[in-house]
Every structure is written in structure tokens, then in C-alpha cells.
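A short write-up of the structure that comes next.
Quick note: the coordinates plus some simple rules give every number you see, no bench work behind them. This structure is a prediction, so every number in the text was calculated from the model and none was measured. Because the Cβ atoms are built from the backbone with ideal geometry, glycine has one as well, and the counts that use them run over all protein chains shown.
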Amino acid sequence: MNIGEAAAASGVSAKMIRYYESIGLMPQVARTEAGYRVYVDSDIHTLRFIRRSRDLGFSVEQMETLLALWSDRSRASSDVKRIATGHITALERKAREIEDMARTLRHLVQNCHGDNRPDCPILQDLSRGEEAAPAKPKRRRA
């Protein structure tokens, strides 16, 4: 199948397929005499693996490692679990950071009158940058 068909079958855009090939995440595929890429079922399976990995937020480097482990039938599942566990930790940290941002913005919005007056605590906070950022409250661990 050609790149358009591969994109449709895998859920990965043709542009991203070309990118993954250019960085070596996806191996170079066979080409016709006219230079068109030709994809086979195993390529589509690899692209679906990449798509699912990307959907779960793995980095290109992590996807590269996971692809290598996937193709290594003698791998230890502990190697895969270590990568996934580290990724969970990073995702949870990012979720806490996003919640902290939302909490700060909620506080600023609640303190903004939202009327015709020019006074705006949101803009005041943004203009002060890092120096004005309130200390993050310590989270209690259960």
C-alpha cells in the first residue's frame, strides 16, 4: 500500500510517517521504481504501535526504546515496566503542575471584579512574572 493508505490504516498522518522515517523511528520502507513508498502489514503494525505510544504520551526516545524491546523476543518485561513506570511518574508530576496552574488561575479569576474598572489582578500577577508566583502549598500525603 502507498503512504496515504498506510496513513489511513494506521491512524498516523502521512506527514508524521515521513517524519518518523526521517528520524529513524520507523525503518525506511521499500520503494517503487518511481520512488513511491510501499508499506506492508508489518509496517502498519509498527505504525499502530507508534501511534498508541504517542497517544500515551511517550517521547520519541522512549518510543524508540519500546520499539526495540518490542522486537526483541528475549527482552525482560521488567525493562518495559521500568519505562512505563517512569512515564507514569512524569505524567503524574505534570498533572500536579497543571492542577497547580489551574488553582492559581482560579484564585486570580475569583479576585478579578470583571467590571469596567482597569484594575485587574490577573494582569498584575502576569506582569510580575516569577517573582510574584505564590509559594506552592505543600500537599499532604495520605
Lys and Arg at +1, Asp and Glu at -1: add these up for the other residues within a Cβ distance under 11 Å of Ala14 and post the number. +1
With semi-axes √(5λ) of the Cα gyration tensor in Å as the read-out, I listed (1) 45, 23, 11; (2) 28, 22, 15; (3) 26, 18, 15; which label goes with the value calculated from this structure? (1)
Full extension between Arg18 and Thr104 adds, at 0.36 nm per residue less the Cα distance, a length in nm of 26.9 nm
Could you tally the net charge around Leu66, taking each other residue with its Cβ under 15 Å from the Cβ of Leu66, Lys/Arg +1 and Asp/Glu -1? +3
Would you mind getting me the FRET efficiency between Glu64 and Leu123? Use the beta-carbon distance for r and R0 = 41 Å, nearest 0.05. 0.40
Under a Cβ-Cβ cut-off of 14 Å, what is the net charge of the residues other than Arg31 that fall near it, where Lys and Arg count +1 and Asp and Glu count -1? -1
Along Cα→Cβ, 7 Å out, is where each label goes; now give me the distance between the ones at Arg52 and Ser78 in nm to one decimal. 2.5 nm
